[in-house]
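Enquirer: First the structure, which I've put down as structure tokens, then a few questions once you've had a look.
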Amino acid sequence: MQGRERREGNVKRVDRSRREFLKTALGGAVGLTLLSGRGRSFSPNERIVVGHVGVGGMGNSHVKWFAGMKDVDIAAICDVDRSHLADTMAQLKERRPDCRVKGYTDFRRLIERKDIDVITCATPDHWHALVAIHAFDAGKDVYGEKPLSHNLAEGQAMLRAMEKNQRLFQLGTQIHAGDNYHRVVELVRSGALGKIEKVTIWKEMGPSDIGYPVQQPVPAGLDWDLWLGPAPYTEYNPKRCHFTFRYFLDYSGGTYADFWCHIADIVFWALEPTGLKSVEARGERAWDSASDAPAWLEADFEFENLTLHWRPSIPDLPGAEGKGIGACFHGSKGSLICDYGSRQIRLGKEVIQDLPDVPQCVPRSPGHQRNFLDCVKNRNLPESHLAYARQMTLPMHLGLVSWRLRRKIFWDCHQERCIGDEMANRLLSRPGRTPWMLG
């Protein structure tokens, strides 16, 4: 149950359990207060100037969302593919004929502009951290797509840069703003399900079906070297670029990494698990494809007071039928299964959708992007802020490490190191290609 809210510094503080979770997420090293820092302060009615980095897919949704906000001016759009850039700029001109927007192929030129307050990032995963860090260092707040980062060390570096520059970050888990997730949190926290010591989450996974495409000349207008950025150099292959990049470990972690935060979010929000101890993953890559990301992966995570299980198919649980993605909270008195828009509670033989006696106590969202923009002005923590997003994403990275090594790994949650396993520790990061190093 959520307790009384109060304010300290420039950030609204939430209930005690949430504060304790944030202290753990931040490793005890930083406080919760965010100052105006570098960048300008806003009056409530002032307009926010936004630049968009990466507009091949989800980035176009970013442009559409922020262009629909009355207090936003879009000043710049960046993409390493000039065809994507031209298409998005044309669409924006149709939506906002009077806007004055400039196009870039190098995000650094966009970020160095002093008139831009906020950037959104919808690049492939391997660019998420560096784009955000450059933006933080330039005094800008960031709305960044999921997953948070390509590897665990990048998430650590993002948090350091954000705190150093006193900036704000919102992870693009748009479903976090939905009413169903809010209600699930209230029901789980109410105690009606009893003590919850186990949660099962799942997403149907399968092979990428990309085959073995041959290398091709780089298309005109695509800066392939910049697209690769910190990733190892390889000759251009269309399946390594744009949407299907996610099936290569150089850039992402397959369906598992892509969808983890969609459903792990509700677990970390409702239960705030801490004290991760071990991770054991199993799975296979697709042997009839160039993809080296897992075609399927299942993993078990042991926390201090919770076991969390990721499954690559719909589990054999009452109420899970037909749900390609979902979560099941197993309690001593009952269970709750949910997906993005539905929920089902089982208490004994009773199957219900809600518990009217459980009051609404989690403040509803004004919308994920609206929440972020409001926080840019008032300096409150956004709903899916960086410390929370990093703590929620960290087990996903460890699941990939365990899968790659084909063994259980043990975790020191205070030092953020694998215990007695140097090979596993090496896989928590990777050296960036010059000049794209974390530093």
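Enquirer: Could you check how many percent of all C-alpha pairs in the stretch 185-288 are farther apart than 18 Å?
Expert: On the way: 3384 of 5356 pairs.
Result: 63 percent of Cα pairs exceed 18 Å.
Enquirer: Starting at the first residue of the stretch 319-330, write each ³J(HN,Hα) from the Karplus equation 6.51 cos²θ - 1.76 cosθ + 1.60 with θ = phi - 60°, in whole Hz, x for Gly and Pro.
Expert: Per residue, the Karplus-derived 3J(HN,Hα) values read x, 7, 3, x, 9, x, 9, x, 9, 10, 8, 9 Hz.
Enquirer: Along the charge dipole of the stretch 338-439, which of N425, V362, G341 sits closest to the positive end, that is, farthest toward it, with unit charges on the beta carbon of Lys, Arg, Asp and Glu (+1, +1, -1, -1)?
Expert: Ranked along the dipole, the leading option is N425.
Enquirer: Sequence neighbours fewer than 8 away in the same chain don't count; with that in mind, list the lysines whose C-alpha is under 16 Å from K195.
Expert: In chain and number order, the partners are K333.
Enquirer: Now for a different question. Please give the net charge around P431, taking every other residue with its beta carbon less than 13 angstrom from that of P431, where Lys and Arg add +1 and Asp and Glu add -1.
Expert: Net of charged neighbours comes to +1.
Enquirer: Pick from M69, M162, M423 the residue whose mean-square fluctuation is largest in a GNM of the chain, springs joining Cα atoms under 10 Å.
Expert: Most flexible of the set in this elastic network: M423.
Enquirer: Name the residue farthest towards the positive end of the dipole of the stretch 286-439 from the options A389, A327, I352, assuming +1 on Cβ of Lys and Arg, -1 on Cβ of Asp and Glu, about the Cα centre.
Expert: Highest projection toward the positive end goes to A389.
Enquirer: Within the chain, what's the longest stretch lacking chymotrypsin sites (Phe, Trp or Tyr not before Pro) that sit in DSSP loops with no more than 10 other Cβ atoms inside 10 Å?
Expert: Here the longest run is 1-232.
Enquirer: Let me ask something else. What residue among G103, Q216, N165 has its Cα farthest toward the positive end of the dipole of the stretch 89-226, where the charges are +1 on Lys, Arg and -1 on Asp, Glu, each on the Cβ?
Expert: Highest projection toward the positive end goes to N165.
Enquirer: Roughly what would the spin-label model give for V351 and E235, points 7 Å off Cα along C-beta, in nm?
Expert: If labels sit at V351 and E235, their model points lie 5.6 nm apart.
Enquirer: Just how far, in whole angstrom, is the stretch 183-249 from the stretch 115-181 if you go by their alpha carbon centroids?
Expert: With the stretch 115-181 and the stretch 183-249 each reduced to a Cα centre, they are spaced 17 Å.
Enquirer: Moving to a separate point now. Shape call for the stretch 272-411 from the C-alpha gyration tensor, a ≥ b ≥ c root eigenvalues: rounded (a/c under 1.5), prolate (a/b greater than b/c) or oblate? Write down the numbers at each step before the final one.
Expert: On the way: a/c = 1.77, a/b = 1.21, b/c = 1.46.
In terms of gyration-tensor shape, oblate.
Enquirer: Report, in listed order, any pair from K146/K203; K239/K408; K64/K140; K114/K377; K70/K93 with a Cα-Cα distance greater than 23 Å.
Expert: Values: K146/K203 16 Å; K239/K408 32 Å; K64/K140 20 Å; K114/K377 17 Å; K70/K93 16 Å.
As for pairs spanning more than 23 Å Cα to Cα, those are K239/K408.
Enquirer: Turning to a different aspect of this structure: Please give me, ordered by residue number, the trypsin sites (Lys or Arg not before Pro) of the stretch 128-209 that lie in loop per DSSP and have at most 14 other Cβ atoms within 10 Å.
Expert: Sparse-neighbourhood loop trypsin sites (Lys or Arg not before Pro): K195.
Enquirer: Given +1 on the Cβ of Lys and Arg, -1 on the Cβ of Asp and Glu, and no further charges, what dipole in debye does the chain carry about its Cα centre, rounded to the nearest 20?
Expert: Taking the Cα centre of the chain as origin, the dipole is about 1120 debye.
Enquirer: Around E204, under 11 Å between beta carbons, what's the net of Lys plus Arg minus Asp minus Glu among the other residues?
Expert: On the way: positive: K203, R311, K323; negative: none.
Residues near E204 contribute +3 overall.
Enquirer: Local charge sum around W296 (other residues, Cβ-Cβ under 13 Å, Lys/Arg +1, Asp/Glu -1)?
Expert: Local charge sum for W296: +1.
Enquirer: Stokes-Einstein D for the chain at 4 °C, 1.567 mPa s, Kirkwood Rh over Cα pairs, in µm²/s? Show your work: numbers first, answer last.
Expert: Details: Rh = 22.5 Å.
Rounded, D is 57 µm²/s.
Enquirer: Taking the Cα centre of the stretch 104-227 as the origin, how large is its charge dipole in debye, to the nearest 20, when only Lys and Arg (+1) and Asp and Glu (-1) carry charge on their Cβ atoms?
Expert: It comes to approximately 440 debye.
Values in this text are rule-based calculations from the coordinates and carry no lab data. All of these numbers come straight from a predicted model, not from anything done at the bench. FYI the Cβ positions are ideal-geometry reconstructions off the backbone, even for glycines, and counts take in every protein chain you see.
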